[in-house]
Amino acid sequence: MSQELILALRELEKERGIPQEALIEAIKSALNTAYKKNFGTSQNVSVELNQITGDVQVFAEKRVSNDVKDTCLEISLDEAAELDPTVTVDDVINVEVTPSDFGRIAAQTAKQVVVQKLREAERSLIFEEFSEREGEVVTGIIQRMEVKTIIVNLGRTEGIMLPSDQIFSERYEAGQRIKGYIYEVKNTSKGPNVFVSRTHPYFLKWLFELEVPEIYEGLVEIKTIAREAGARSKISVYSTDEKIDSVGACVGPRGIRVQNIVNELNGEKIDIIKYHKDPEKFIANALSPSKVLYVDVDPESKKARVIVPDYQLSLAIGKEGQNARLAAKLTGWKIDIKSESQVEEELEYDA
């Protein structure tokens, strides 16, 4: 060990923000372990690191005795007096026991500790950076596949895209550039885990914020989102300015804005619904593209009965119930859809 180590620790404190005192304490702790590992002993030892010269010394606690039976734990009064003339029997003093070749072991140990601390500091910085970016969309390159999980290179770290975060209709390949929404960042012993998703509803919200200036500026608000990623989504929008058509702003001239989003999602269908405070009107809008004749709501049970023309029943329900299911998610109401003829039959039966 040498003064070069101390200078290096000072540089690390300046460049990486790792406190020199913390590094020295970590090195001392590791040296204690290294000493016991290489010179196995029952002594109560401590390792001291001179913060000016970088020299390392090992000290053992020994009890002063007139009748020494264990030289590892005891020292004679005459020997102890040479170190400290004021000692008496049964006093405990520190005796230097630094092995001749401990300098080499100390240097290796210090290097390992510094490298480990650098790794920890780097992981901490990455965790802090990506924790602050939770809720953002990032672009990365697919690095590899691990079983069904996709690992995305995000630059300073890797993103994890679980099977549930992947759009079922998309095909992913190594080297492919891809966007994903950061929905969670976890700190682990191996570094931060950054979870990204293409199925998250907020991924869709971010795409609209990117494409629609009125949303980004707060003139149009996205109220609710219902999404079955890769198949179909519904979003409800509301304009804070009466002069702005919230749906038209999201569709864009000749539909270019919503088409750009559909292209990013590889053909996922998107219904843009006008939000309304009146639940009856909101539910009717949510069942678009179907026409609705009548909506009857029960606020206590949050159930709505919807009547549609006979020829619109299958459209209102949708393939495998998808349209009705998304409308229910979007509005937060349970929706029971009936055709005109079904209602008439019920009335005749009751009569």
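Can you give me the angle between helix 20-38 and the longest principal axis of the chain, using Cα atoms only, in degrees from 0 to 90, rounded to the nearest 10? In the chain, helix 20-38 runs at an angle near 60 degrees to the longest axis.
Applying the Karplus relation 6.51 cos²θ - 1.76 cosθ + 1.60 with θ = phi - 60° to segment 98-112 yields 3J(HN,Hα) values of 4, x, 5, 9, 6, x, 5, 5, 5, 5, 5, 5, 4, 4, 4 Hz, where x marks Gly and Pro.
Sort THR88, THR53 so that the residue with the fewest other Cβ atoms within 10 Å of its own Cβ comes first and the one with the most comes last. Mind showing how you got there, number by number?
Values: THR88 9, THR53 12.
Ordered from fewest to most neighbouring Cβ atoms within 10 Å, THR88, THR53 come out as THR88, THR53.
Normalised by the number of residues in segment 120-217, the average gap of Cα pairs under 8 Å and 6 or more apart makes the relative contact order 29 percent. Computed extension length for TYR238-ARG254: 3.7 nm, one decimal, from 0.36 nm per residue of separation with the Cα-Cα distance subtracted. Backbone geometry of segment 338-345 corresponds, through the Karplus equation with coefficients 6.51, -1.76 and 1.60 at θ = phi - 60°, to 3J(HN,Hα) couplings of 10, 8, 4, 5, 5, 5, 4, 5 Hz, x marking Gly and Pro.
Counted without the sites themselves, the longest stretch of the chain free of trypsin sites (Lys or Arg not before Pro) in a DSSP loop having at most 14 other beta carbon atoms within 10 Å is 1-68. Among beta bridges identified by DSSP and lying wholly in the chain, the antiparallel ones come to about 70 percent. So which GluC sites (Glu not before Pro) in segment 88-144 are both in a DSSP loop and have at most 14 other Cβ atoms within 10 Å of their Cβ? When the GluC sites (Glu not before Pro) of segment 88-144 are filtered for loop state and at most 14 Cβ neighbours within 10 Å, GLU134, GLU136 remain. Straight-line cross-link partners of LYS277 among the lysines, defined as a Cα under 23 Å from its Cα and at least 8 positions apart when in the same chain: LYS205, LYS223, LYS234, LYS243, LYS291, LYS302, LYS303, LYS329, LYS334.
The fewest-to-most ranking of LEU210, LEU9 by surrounding Cβ atoms within 10 Å reads LEU210, LEU9. Annotation for segment 62-86 versus segment 247-271: alpha-carbon center distance of 87 Å. For segment 273-351, applying the loop criterion from DSSP together with a ceiling of 12 other beta carbons within 10 Å to the GluC sites (Glu not before Pro) yields GLU300.
Among THR224, THR71, the order by Cβ neighbours within 10 angstrom, fewest to most, reads THR71, THR224. For the chain, a Gaussian network of Cα nodes joined below 10 Å ranks ASP296, ASP271, ASP70 by mean-square fluctuation, and the top entry is ASP70.
Bear in mind these aren't lab numbers, they're just calculated from the coordinates by the rules spelled out. Quantities reported herein were computed from a predicted structural model and do not represent experimental measurements. So basically every Cβ, Gly included, is an ideal-geometry build from the backbone, and we count neighbours across all protein chains shown.
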